[in-house]
Amino acid sequence: MSSVQPCGVSDDDRRPPVNDLLEIAQRGLALKPKRLPSWLFYDERGSALFDEICEQPEYYLTRCEIALMDAHAQRIADILGSEVRLVEYGSGNARKTRMLLEHLHSPVAYVPVEISSEPLRQSVERLTKEFPRLPMQPLCADFSKPLRLPIPPRAPRRTVVYFPGSTIGNFENREAAVLLRKMRNEMGDAGGILIGVDLKKDPAVIEAAYNDRAGVTAEFTLNMLARLNREIGSNFELSAFAHRAHYNPMAGRIETHIVSRREQQVKIGRVNVAFREDEAMQVEYSCKYSLADFAALAARAGLAVQQVWTDPEQMFSLQYLVRASALTR
Ligand code: AVI
């Protein structure tokens, strides 16, 4: 059952309890090669560091997506049509959301879905001030799991899932197809998905985006270890690990690892985990797509690309997906 908290946030209480973290860490560190899930980045400090990454000169993704919204939000709103219920996966960068909300025609509700309750509450508080007449129905939940969306205040003509930032790239191909299919179910027959998708380009440009000169991405990556130390009492020594992000051209993705600078042992609960010098644990993939790659991925989920907006250098794209059957009708 989902419950409603005092601040008006529906809480989908099927999220994993925090004490599962120890088990998740132990399981990931027992794998060969070692692997930890990328959602562990996003505690309060990690979310603040991610916002800082978005401001770095090398991290072109946010800048390009905002420029696309700036140029096309009006047209996008026209395509979505009137009386939309907008469901945003991750309450994310309010700037992009605001640009979309400003242009929507009589939206029925805005439903931000976010696993961290505090960032969700803050973003809703800000947006409520700017859009006092728009019903906000925040849902505290893991968007990668099936969602119980709140009942809208009136019947929408269309449910549109908004998934900006190329967060889809943080899912491996098979998982990304599963997630897109889940969105397809949630949006219904008449619905759509407005999604930000980072594109393949010069690998040097991509690698620079994940290795900014100011070292913010490195701090973001290593913050995962600080989080584990705080929340499960592990004893990672942060200075004994390093951030490494490489573009794998065959797989078309940035592969981010935390690398042990020396041979060492780390206590994870009652388990001692041994690291070799230079041993890498995989913590994130950021997949990059050609337009054809993404259309093929969408097709695997029963979706078709109705419209693509991209910049002249084809750095980034915003895409509007609908059910494949809706385009062939
Ligand atoms: C949230 N996600 C799309 C970011 C990305 O580009 O993969 C996370 C990130 N990791 C390092 N820098 C940014």
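General remarks:
- Scope region 242-251; condition more than 16 Å from the ligand (Cβ to nearest atom) and within 25 Å of ARG213 (Cβ to Cβ); matching residues: PRO249
- ALA209 among the hydrophobic types (A, V, I, L, M, F, W, C) and touching a Leu at 6+ places or on another chain (Cβ under 9 Å): yes
- Selection count, region 89-127, where residues are farther than 18 Å from ALA73 by Cα, of a type in the set (Ser, Thr, Tyr) and surrounded by fewer than 16 Cβ atoms within 10 Å (Cβ to Cβ): 1
- Residue in region 147-168 that is crowded, with 20+ Cβ neighbours inside 10 Å, under 22 Å from THR97 (Cα atoms) and among the basic types (Lys, Arg) present: no
- Elements of type strands (runs of 3 or more DSSP E) contained in region 225-329, each with 1 or more residues being out of contact with any Gly (no Cβ under 9 Å at 6 or more places or on another chain): 241-248, 253-260, 264-268, 271-275, 280-287, 303-310
Okay, residues lined up against (1) modelled with pLDDT under 95; (2) within 12 Å of the ligand (Cβ to nearest atom); (3) charged (D, E, K, R):
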| residue | (1), (2), (3) |
| --- | --- |
| ALA177 | no, no, no |
| LYS182 | no, no, yes |
| VAL216 | no, yes, no |
| GLU219 | no, yes, yes |
| ILE232 | no, no, no |
| ARG253 | no, yes, yes |
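- Test: residue in region 264-284 that is more than 20 Å from LYS182 (Cα to Cα), within 16 Å of the ligand (Cβ to nearest atom) and in contact with an Asp or Glu (Cβ under 6 Å, 6 or more places away or on another chain): no
- Scan of region 26-55 for residues that are touching a helix residue (DSSP H, G or I) at 6+ places or on another chain (Cβ under 6 Å) and not aromatic (Phe, Trp, Tyr), ordered by number: ARG35, LEU36, SER38, LEU40, ASP43, ARG45, GLY46, SER47, LEU49, GLU52, ILE53, CYS54
- Across region 138-175, the qualifying residues are those that are assigned to a loop (DSSP other than H, G, I, E, B) and acidic (Asp, Glu), and the one among them that is nearest to the ligand (Cβ to nearest atom) is GLU172.
A quick yes/no check of all residues on (1) over 14 Å from the mean Cα position of the chain (by Cα); (2) closer than 22 Å to LEU318 by Cα; (3) of a type in the set (D, E, K, R):
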{"site": "MET99", "(1), (2), (3)": "yes, yes, no"}
{"site": "GLU114", "(1), (2), (3)": "no, yes, yes"}
{"site": "PHE131", "(1), (2), (3)": "yes, no, no"}
{"site": "ARG158", "(1), (2), (3)": "yes, yes, yes"}
{"site": "PRO164", "(1), (2), (3)": "no, yes, no"}
{"site": "LEU180", "(1), (2), (3)": "no, yes, no"}
{"site": "GLY188", "(1), (2), (3)": "yes, yes, no"}
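- Test: residue in region 229-251 that is in contact with a Phe, Trp or Tyr (Cβ under 7 Å, 6 or more places away or on another chain), among the charged types (D, E, K, R) and under 25 Å from GLU52 (Cα atoms): no
- Within region 12-36, being at pLDDT below 95 and either buried (at least 18 other Cβ atoms within 10 Å of the Cβ) or under 17 Å from the mean Cα position of the chain (by Cα) (or both) holds for ASP12, ARG15.
- The condition of being under 21 Å from GLY196 (Cβ atoms), small (Gly, Ala, Ser) and free of Cβ contacts under 8 Å to residues at least 60 places away in the same chain holds for only one of SER116, SER123, that being SER123.
The values are calculated or read from the model by the stated rules, or taken from the named source; none is laboratory data. All values reported here derive from a predicted model rather than from experimental measurement. Note: ideal-geometry Cβ built from the backbone for every residue, glycine included; neighbour counts use all protein chains shown.
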